[in-house]
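Okay, so here's the structure we're looking at.
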Amino acid sequence: MLVRRLQLICSTLAAAGGAALGAPNEIKVFTDELASYRKHTLETHVNKARTGPLRVMPEYSYGLWRNWEFSLQLPLAFTSQSANGEGYRAELQYVAPHDDARGFYWGINVELARDYRLDEPHFWNLEFIPIVGLRTGRWHFAANPGIERPLSGRERSATATPAAKAAYLVSGKNYLGLEYYVGEQSRMLYLAWDGKLGKSDINFGIGRGSTPASDRWVLKTIYEIAF
């Protein structure tokens, strides 16, 4: 039932905004997590599909103002033969004041990216990601009905990049749940754990594709250090 609800949310969002060009570059559902005002964080995203390169992306974030965060990202790809940069990105994220423990919240994330993956066209891309979430009891739900649009290159049409998440508080600060991502021809469902190691936030997931164009298996982790 939970999987079907996540699939319904993302399929509805995708139909509303058009098909996406592929799986999200960041395997992440945005929630109300932000760097505190005048504080710094460093996230490291690591993703590995069964086939394809190992992708590593450092992300530096700064609490620009109360409820505002600015981030810089440097995506990298590693194979047995080479290491390649895949562009650079800047993000601005806002989350409206809300109760951190329960209830509804909303926000917005805007990303400007210069993408140049190996053997793919290079282009500027703008992504607009609304953030809606709800905490009720031990449950945490979040959805990102995102839309992206290339700013250069031949193809300029806007496409949808929806994602959704449902997580259950198992114990302490440990959540176990599902994340679902929709691309143009791909559908990925992840079993994910969110927790803490000391003061650091951890997200770890294993994903399975459900369409011929999807990756069969993907491992991903996000490790955040606040300083």
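Any read-out appearing in this document is the output of simple, stated calculations on the displayed coordinates, not a laboratory observation. All of these numbers come straight from a predicted model, not from anything done at the bench. With ideal geometry, Cβ positions are generated from the backbone for all residues, glycine too; neighbour counts draw on all protein chains shown.
For the stretch 151-227, count the residues as N, evaluate 2.2 N^0.38 Å, and divide the Cα radius of gyration by that value, please. Please list the in-between numbers first.
On the way: Rg = 15.6 Å, N = 77, 2.2 N^0.38 = 11.5 Å.
Working it through for the stretch 151-227, the quotient is 1.36.
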Report the label-to-label distance for Asp100 and Leu151 in nanometres (one decimal), using points 7 Å from each Cα along the Cα→Cβ vector.
-> 3.3 nm
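How much mean residue ellipticity at 222 nm does the chain get from its helices, if each DSSP H run of length 4 or more adds -39500 (n - 2.57) and you divide by all residues, to the nearest 500 deg cm²/dmol? Please list the in-between numbers first.
Working: 1 runs with 16 residues, N = 227.
The helix contribution divided over the chain gives -2500 deg cm²/dmol.
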Contact order relative to length for the chain, counting C-alpha pairs under 8 Å separated by 6 or more residues, stands in percent at 20 percent
Using a Gaussian network model of the chain with C-alpha springs under 10 Å, which one of Ser80, Ser210, Ser36 is most mobile by mean-square fluctuation?
-> Ser80
Check: the chain dipole with +1 on Lys, Arg Cβ and -1 on Asp, Glu Cβ, in debye | 540 debye
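Would you tally the net charge around Leu54, using a Cβ to Cβ cut-off of less than 14 Å, leaving Leu54 out, and scoring K and R as +1, D and E as -1?
Numbers: positive: Lys48, Arg50, Arg55, Arg117, Lys220; negative: Glu86, Asp215.
Net charge in that neighbourhood comes out at +3.
Can you flag which of Lys39/Lys165; Lys39/Lys196; Lys48/Lys173 are past 24 Å Cα-Cα?
Lys39/Lys165; Lys48/Lys173
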Between the stretch 151-227 and the stretch 50-124, the alpha-carbon center distance in angstrom | 13 Å
